[in-house]
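Heads up: the structure comes next, in structure tokens.
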């Protein structure tokens with residue numbers, strides 16, 4: 001029994017020393033800034049035309065210095081229409097994809113998702 005306990009302690013201390021010798025140091029994660037900007041355009045009166053340029057605009061006046069995640073715009077019912085832009089810019093322009101005419105919503109992603117009101121896409 002004493003030999004088993006001694007073996008257990010040796011293994012336990014070995015793990016302890018290996019963990020301390022690891023080159024990876026854990027650093028406490030700071031509080032992340034969460035930026036949920038108000039979408040200005042599109043609004044309920046917006047009409048986009050497939051194949052033409054469209055711009056999503058949002059209020060970037062209170063954007064934090066550090067934004068934790070990459071930005072993207074998702075057109076519900078289609079997929080991602082823009083990505084890799086700076087959320088602090090306040091807008092992004094892209095071509096409206098070929099989708100059936102109808103009512104759509106975009107979601108602006110960054111640190112958090114934010115939905116536009118429903119708007120119209122025509123062909």
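Residue 40 to residue 62: extension gain in nm, 0.36 nm per residue of separation minus the Cα-Cα distance?
So the chain would gain 6.5 nm between residue 40 and residue 62.
How big is D, in µm² s⁻¹, for region 34-123 by Stokes-Einstein at 4 °C and 1.567 mPa s if Rh is the Kirkwood radius over C-alpha pairs?
Using the Kirkwood radius from Cα pairs, D works out to 99 µm²/s.
For an R0 of 22 angstrom, estimate the FRET efficiency from the Cβ-Cβ distance between residue 80 and residue 112 and round to the nearest 0.05.
The pair residue 80/residue 112 has a calculated efficiency of 0.85.
Can you give me the P(r) profile for region 72-111? Cα pairs, bins 10 angstrom wide beginning at 0, each as a whole percent.
Bin by bin from 0 Å, the calculated values are 28, 56, 16, 1.
Laboratory data are not the source of any read-out in this text; all were calculated from the coordinates shown. Everything numeric here is computed off the predicted structure, so don't read it as measured data. Methodologically, a virtual Cβ is constructed for each residue, glycine included, from the backbone with ideal geometry; neighbour enumeration extends over all protein chains shown.
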